[in-house]
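Below: the structure, in structure tokens.
The values are calculated or read from the model by the stated rules, or taken from the named source; none is laboratory data. All of these numbers come straight from a predicted model, not from anything done at the bench. Cβ atoms come from the backbone with ideal geometry, glycine included; neighbour counts cover every protein chain shown. Surface accessibility is based on the protein's heavy atoms, side chains included, excluding ligands, DNA and RNA. Shrake-Rupley method; radii C 1.70, N 1.55, O 1.52, S 1.80 Å.
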Amino acid sequence: MPQISFYLFENSKERQVESACRLCRKILNQHPHIWWYCADSEQQTELDEKLWNFDPLSFIPHGIDQPHSPVCISAELPPSNDWIVFNFNNHALEQTQDFRHIIEIIENNETAKQIGREKFKMYRRLGIEPRTFKL
């Protein structure tokens, strides 16, 4: 059974891409395979650019559609369950058994919160109780 974690920004106006970079940098110290699942090509470019200039003192190795990179940004789901998946799409991942850990980052705005609620309900319907971290 995979872990599913929701990171809810209740007070902060931090954007999802910034939060993802910070969290990714932290996770990479413990797990070398992170997949950013993102079907929107504009958002893929934004994520790629943000990783390039997020922290000038510590580069986060990554690439778009480069599964041999520690962080892969892709419109496709990862080929194996070794990956921690950040879900940047507006729907829950139904193939939960295929992944070790799914991370959902919910920005502090009403649209993002509504999408997050729907994702949370879907994971529960799939029999998984997501963990929630309020930030």
Heavy-atom accessible area order for THR132, THR96, largest first, 1.4 Å probe: THR132, THR96
Amide hydrogen neighbours beyond the local backbone of TRP83, cut-off 5 Å, H modeled: ARG100
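Give the total of Lys-Lys pairs in the range 1-132 with Cα-Cα distances below 17 Å; include a pair only if its members are 8 or more places apart or on different chains. Could you put the intermediate results ahead of the total?
Details: LYS13/LYS50; LYS13/LYS113; LYS26/LYS50; LYS113/LYS121.
Close lysine pairs under the 17 Å cut-off: 4.
Evaluate the charge dipole of the range 72-135 about its Cα centre and quote only its size in Debye, nearest 20, assuming +1 on the Cβ of each Lys and Arg and -1 on the Cβ of each Asp and Glu. Mind showing how you got there, number by number?
On the way: 9 positive and 9 negative charges, 71 e Å.
Roughly 340 debye for the range 72-135.
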Area of PHE99 that stays accessible when all protein chains are in place (1.4 Å probe, Å², to 10): 10 Å²
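In debye, nearest 20: dipole of the chain around its Cα centre with unit charges on the Cβ of K, R (+) and D, E (-)? Please list the in-between numbers first.
Numbers: 15 positive and 19 negative charges, 132 e Å.
Computed charge dipole of the chain: roughly 640 debye.
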Residues whose placed amide H lies under 5 Å from that of ILE64, excluding near-sequence neighbours: ILE73
Cα gyration tensor of the range 18-135 - equivalent ellipsoid semi-axes, whole Å, descending: 22, 17, 14
Calculated from backbone phi, Karplus (6.51, -1.76, 1.60) coupling profile of the range 74-90 in Hz, x at Gly/Pro: 7, 7, 9, 7, x, x, 8, 8, 6, 9, 8, 9, 8, 9, 9, 8, 8
Separation in nanometres of the label points that stand 7 Å from Cα toward Cβ, at LYS113 and GLU10: 1.1 nm
Exposure rule at most 16 other beta-carbon atoms within 10 Å, DSSP loop GluC sites (Glu not before Pro): the chain longest free segment: 15-75
Modelled FRET efficiency - R0 30 Å, ASP65 with MET1, Cβ distances, 0.05 increments: 0.55
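By DSSP, what percent of the beta bridges with both residues in the chain are antiparallel, rounded to the nearest 5?
Counting DSSP beta bridges with both partners in the chain, the antiparallel share is about 0 percent.
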